[in-house]
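Shown next, in structure tokens, is the structure this report addresses.
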Amino acid sequence: MIQPADLPDTIAVFPLPGALLLPRSRLPLHIFEPRYLQMLDDTLKTSHRVIGMVQPNPCDRDADKLHSIGCAGRVTQFSETEDGRYLITLSGASRFRIREEVEGFTPYRRCAVTWTGFDRDLGRPEADTTFDRAGFMDLLHRFFSARDLSTDWDTLKDAEDELLVNSLSMLLDFDPEDKQALLEAPCLATRRETLVTLIEYSLRGGTSEEILQ
């Protein structure tokens, strides 16, 4: 497991709309753009092998603006295809807050970050003592049925609280702003409550845009 002292002050960031990484979770990625191939090559040369996943947050004045909070992951699996693409897995280490973007000569973006305020991300898995597992699974059944989705229900039923909530937060098809809300949840119980709200609203035919207003 990565230690606080191993986390660098400056990291490469990968702005990818809708792609959510959470601490102690795994995110598979397919890397093929030249600038991100270079990012991965450079990252693999470091001792920490850390890349920051962050949601774009464009506005009228700045089309390249990023959300201030992202999550860093360590490259823990890596393979190269015959045509030069990379298939990697990032293991979520800790969330971070962007202090400023660093100018430089790399084709990808780099940011100076702080890890302050996210101490629990590097600790043990969280438990949700108020989790109504039976009610949640019933809601999930209705959601999957409405979306015509399939899954391994036995695996979901047996999953630990954090693995279940975080995996669904990462995998379900919510808007980028909803994904950001799930990322920024201060604890597992809050993330679960946010996830339930998003699922319930989807079942009622609402839009995620209205949830956040």
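The values are calculated or read from the model by the stated rules, or taken from the named source; none is laboratory data. Keep in mind the model is a prediction, meaning the values are calculated, not measured. Cβ sites come from the backbone with ideal geometry, for glycine too, and all protein chains shown count toward neighbours.
Scan ALA63, ALA127 and give me the residue that is hydrophobic (A, V, I, L, M, F, W, C), closer than 26 Å to ASN166 by Cβ and at pLDDT below 95. Outline the logic, then answer.
Values: ALA63 fails: closer than 26 Å to ASN166 by Cβ.
None of the other options fit; the residue is ALA127.
Can you name every residue in region 77-107 that is among the hydroxyl-bearing types (Ser, Thr, Tyr) and surrounded by 12 or more Cβ atoms within 10 Å (Cβ to Cβ)? Outline the logic, then answer.
Of region 77-107, the ones among the hydroxyl-bearing types (Ser, Thr, Tyr) are 79, 81, 86, 89, 91, 94, 106.
Within region 77-107, TYR86, THR89, SER91, SER94, THR106 qualify.
So for region 102-113 (the condition being under 23 Å from GLN180 (Cα atoms), touching a strand residue (DSSP E or B) at 6+ places or on another chain (Cβ under 7 Å), part of a strand (DSSP E or B) and free of Cβ contacts under 8 Å to residues at least 60 places away in the same chain), does at least one residue qualify?
Let us first name the residues in region 102-113 that are under 23 Å from GLN180 (Cα atoms), namely 102, 108-113.
Checking which are touching a strand residue (DSSP E or B) at 6+ places or on another chain (Cβ under 7 Å) leaves us with 102, 108-113.
From what's left, part of a strand (DSSP E or B): 102, 109-113.
Pick out the ones that are also free of Cβ contacts under 8 Å to residues at least 60 places away in the same chain and you get none.
No, that holds for no residue.
Would you point out which residue out of GLY52, GLY70, GLY18, GLY84 is more than 27 Å from THR116 (Cα to Cα) and either part of a loop (DSSP other than H, G, I, E, B) or small (Gly, Ala, Ser) (or both)?
Numbers: GLY52 fails: more than 27 Å from THR116 (Cα to Cα); GLY70 fails: more than 27 Å from THR116 (Cα to Cα); GLY18 fails: more than 27 Å from THR116 (Cα to Cα).
Result: GLY84 is the single residue among GLY52, GLY70, GLY18, GLY84 that is more than 27 Å from THR116 (Cα to Cα) and either part of a loop (DSSP other than H, G, I, E, B) or small (Gly, Ala, Ser) (or both).
Using beta carbons and a limit of 7 Å, which pairs, at least six apart or on different chains, have the first residue in region 24-45 and within 30 Å of GLU160 (Cα to Cα) and the second one modelled with pLDDT of 95 or more and in a loop (DSSP other than H, G, I, E, B)?
Short answer, once both residue conditions are applied: LEU27/LEU21.
Only residues that are of a type in the set (Asp, Glu) and more than 21 Å from the chain's Cα centre (by Cα): list them for region 132-169, please. So that I can check it myself, show each step before the final result.
Just the residues of region 132-169 that are of a type in the set (Asp, Glu), to begin with: 132, 138, 148, 152, 154, 158, 160-162.
Across region 132-169, the qualifying residues are ASP132, ASP138, ASP148, ASP152, ASP154, ASP158.
What's the number of the condition ALA146 fails, among (1) outside the structural domain of LEU22 (by TED's automatic domain parsing); (2) at pLDDT below 95; (3) closer than 26 Å to PRO8 by Cβ?
The number of the failed condition is (3).
Given the conditions (1) surrounded by 15 or more Cβ atoms within 10 Å (Cβ to Cβ); (2) of a type in the set (Ser, Thr, Tyr); (3) farther than 25 Å from ARG97 by Cβ, and given that THR194 satisfies all but one, which numbered condition is not satisfied?
Here THR194 meets the rest and fails (3).
Looking at this structure, is PHE78 modelled with pLDDT of 90 or more, under 18 Å from the mean Cα position of the chain (by Cα), among the aromatic types (Phe, Trp, Tyr) and assigned to a strand (DSSP E or B)?
On the way: modelled with pLDDT of 90 or more: yes; under 18 Å from the mean Cα position of the chain (by Cα): no; among the aromatic types (Phe, Trp, Tyr): yes; assigned to a strand (DSSP E or B): yes.
Against the criterion (modelled with pLDDT of 90 or more, under 18 Å from the mean Cα position of the chain (by Cα), among the aromatic types (Phe, Trp, Tyr) and assigned to a strand (DSSP E or B)), PHE78 does not qualify.
Can LEU172 be described as more than 21 Å from THR43 (Cβ to Cβ) and crowded, with 17+ Cβ neighbours inside 10 Å? Write out each step before concluding.
Details: more than 21 Å from THR43 (Cβ to Cβ): yes; crowded, with 17+ Cβ neighbours inside 10 Å: yes.
Judged against the criteria, LEU172 is a match.
Does ASP128 count as exposed (fewer than 15 other Cβ atoms within 10 Å of the Cβ) and at negative phi? I'd like the intermediate steps shown before the answer.
Details: exposed (fewer than 15 other Cβ atoms within 10 Å of the Cβ): no; at negative phi: yes.
Answer is no for this residue.
Residue by residue through region 56-101, note down the ones that are aromatic (Phe, Trp, Tyr) and free of Cβ contacts under 8 Å to residues at least 60 places away in the same chain. Before you say what the answer is, go through the steps one by one.
Step one: list which residues in region 56-101 are aromatic (Phe, Trp, Tyr), which gives 78, 86, 96.
Correct list: PHE78, TYR86.
Wholly within region 156-213, which helices (runs of 4 or more DSSP H) include no fewer than the required count, namely at least 2 residues that are farther than 21 Å from GLY135 by Cα, at pLDDT 95 or above and not aliphatic (A, V, I, L, M)? So that I can check it myself, show each step before the final result.
Details: elements: 161-171, 176-184, 188-203, 208-211.
Of the helices (runs of 4 or more DSSP H) lying wholly inside region 156-213, those with at least 2 residues that are farther than 21 Å from GLY135 by Cα, at pLDDT 95 or above and not aliphatic (A, V, I, L, M) span 176-184.
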